[in-house]
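What follows is a single structure, written as structure tokens, with notes after it.
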Amino acid sequence: MKLRILLITIILLSTELMLGQSEEMTSELYKTYEKFKEVSLDKRRIKHTNIKPLVDKFHKNSKFTVNKVGQSIEGRDLNLISIGKGKTNVFLWSQMHGDEPTATQAIFDILNFLDSDDFSKEKKKILKKLTLHFLPMLNPDGAEVFTRRNALGVDINRDALRLQSPEGKTLKRVRDSLNAEFGFNLHDQSTYYNAERTDKPATISYLAPAYNYEKEINDVRANAMKVIVYMNSIIQKYAPGQVGRYSDDFEPRAFGDNITKWGTSAILIESGGYLNDVEKQEIRKLNYVSILSAIYTIANGDYNDIAVEDYNKIPQNDRKLFNLKIKNLTYELNGKPYKIDLGINRIEVDNRENTDFYNVGRIVDLGDLSTYYGYETFDAEGYKIVAGTLYPTMIASSTSYERLNALSMLKKGYGYVKMAKLPDVRYTSKPMTVLKVTKATPKLDVNVGRNPTFLLQKNGVNEYAVVNGYLINLNGENPNFKNGLIYK
């Protein structure tokens, strides 16, 4: 009996030591991240031409093996980048949806890390036990025009059964050839997801996909759950309360669900939203830390000692976030005052080259929004909505417009200007709405689907404005404002 107790104690101490070493490593990973960040990928709208020179760089590097494993419909190469000599294959693929690039950037950060001389002890252990295989940007045709689907219009993540897309066929063939023990399915999710019953965005969401409608848990799925529990414990240090659990409803056409069924412990990572991180660079960093932490615990094998039951303690994803929530606002209609809340989101509209975007604000809900949250929330108790008026002087051109003091004009109640010669673009950097000469001044319309542009008045004084869905402090700075609109 004493010997048994001693053995159990030794095992527990060994496990605590390994976990402590893993957590110490992840702390250093976070601190040193900038050293490995791939600086050429600093925007979300990346294309195949942006990653090609990086793939070529690793192709010339003797530490790595790079193989062309397929082509997209439009003929762009799909490459598998591999490193390590271990018996356990770990397969990671990203950007199955062309407008979900966060993990593609993180993959190249991880490859830079693996190519460096840093963390040599930890990397030696990883690469002795594991062989890592990365397939970045599975849907390069979608990435070219920053859209979810491939050139055929197919959602690759719903093509696991029919395999009609060349990208889906490549993913299936690579998974089968590797017979990977672990697979990381890397996506982006809507920034409007929150961790259930909280005002925290679901910055990272995880899922161990089900392999049948009954959502049964076998060893394959259980191992994915255990690794997710470990990753969650790491992310909580840097984004506390901002982790969600994606719905595990079985989808028979989806790759994650089928990959679990085929015998690979599939781990879905969804990159959501983070305050003031429009280009998702902080979320990219969390991907980097999360994935490398997972790889390290797989190499150590210490994930085996994690309780599967802890997986269900991660809050579920909910979708109750707005970019801007205005509550307790007074709105007069037909001579009567009403108290309402407004939920406002800002939609991204791409430029012609799909390299940048401007925002168009929309009211997406109104009424009692007390169970919803905002990245930014403004209590408008005592404020009423007032329509902005047209500035009486015609503006000749963009040059003249740039000299205007927009805040001063908004304070005086002016929300619109007319411009004789409009620029080619449909947006402006000032918090003002620009109209063409023949365009009538829009009437105040506070309804779902409308662009939120109005003044917030208290005791007869214009103190705030909402311009294209951005809350503007008329007596302060507004660093997060992106653009107003030009109506042609």
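The values are calculated or read from the model by the stated rules, or taken from the named source; none is laboratory data. Every value quoted in this text rests on a predicted model; they were computed, and no experiment measured them. Here Cβ is always computed from backbone atoms with ideal geometry, including for glycine, and neighbour counts include all displayed protein chains. Just the protein is used for accessible areas: all its heavy atoms, side chains included, with ligands, DNA and RNA removed. Shrake-Rupley method; radii C 1.70, N 1.55, O 1.52, S 1.80 Å.
Does the range 43-56 include one or more residues that are farther than 18 Å from ILE107 by Cβ, β-branched (Val, Ile, Thr) and modelled with pLDDT of 95 or more? Checking the range 43-56: not a single residue is farther than 18 Å from ILE107 by Cβ, β-branched (Val, Ile, Thr) and modelled with pLDDT of 95 or more. When the range 401-422 is filtered for residues that are touching a residue at least 40 places away in the same chain (Cβ under 8 Å), part of a loop (DSSP other than H, G, I, E, B) and out of contact with any strand residue (DSSP E or B) (no Cβ under 7 Å at 6 or more places or on another chain), only LYS412 remains. Has the range 81-104 got at least one residue that is open to solvent by 20 Å² or more (accessible area, probe 1.4 Å), of a type in the set (A, V, I, L, M, F, W, C) and in contact with a helix residue (DSSP H, G or I) (Cβ under 7 Å, 6 or more places away or on another chain)? Among the residues of the range 81-104, not one is open to solvent by 20 Å² or more (accessible area, probe 1.4 Å), of a type in the set (A, V, I, L, M, F, W, C) and in contact with a helix residue (DSSP H, G or I) (Cβ under 7 Å, 6 or more places away or on another chain), which makes the answer no. Of all residues in the range 316-351, those satisfying the criterion of being open to solvent by 40 Å² or more (accessible area, probe 1.4 Å), within 27 Å of THR428 (Cα to Cα) and of a type outside the set (S, T, N, Q) are ARG346, ILE347, GLU348, VAL349, ASP350.
Restricting to strands (runs of 3 or more DSSP E) lying wholly in the range 431-484: which have 1 or more residues that are of a type in the set (A, V, I, L, M) and in contact with a helix residue (DSSP H, G or I) (Cβ under 6 Å, 6 or more places away or on another chain)?
Details: elements: 433-435, 454-458, 461-467, 470-473.
It comes to 461-467.
When the test is whether a residue is within 26 Å of LYS261 (Cβ to Cβ), within 17 Å of the chain's Cα centre (by Cα) and among the hydrophobic types (A, V, I, L, M, F, W, C), LEU207 passes it.
Looking only at the range 464-485, decide whether some residue is more than 26 Å from ASN276 (Cα to Cα) and either out of contact with any Asp or Glu (no Cβ under 8 Å at 6 or more places or on another chain) or surrounded by 13 or more Cβ atoms within 10 Å (Cβ to Cβ) (or both).
Scanning the range 464-485, I find no residue that is more than 26 Å from ASN276 (Cα to Cα) and either out of contact with any Asp or Glu (no Cβ under 8 Å at 6 or more places or on another chain) or surrounded by 13 or more Cβ atoms within 10 Å (Cβ to Cβ) (or both), so the answer is no.
Here the range 215-235 is the region considered, the condition is being within 18 Å of SER205 (Cα to Cα) and not hydrophobic (A, V, I, L, M, F, W, C), and the residue that is surrounded by the fewest Cβ atoms within 10 Å (Cβ to Cβ) is SER233. When the residues of the range 152-172 are filtered to those that are farther than 16 Å from THR260 by Cα and of a type in the set (Asp, Glu), the one that is least open to solvent (accessible area, probe 1.4 Å) is GLU167.
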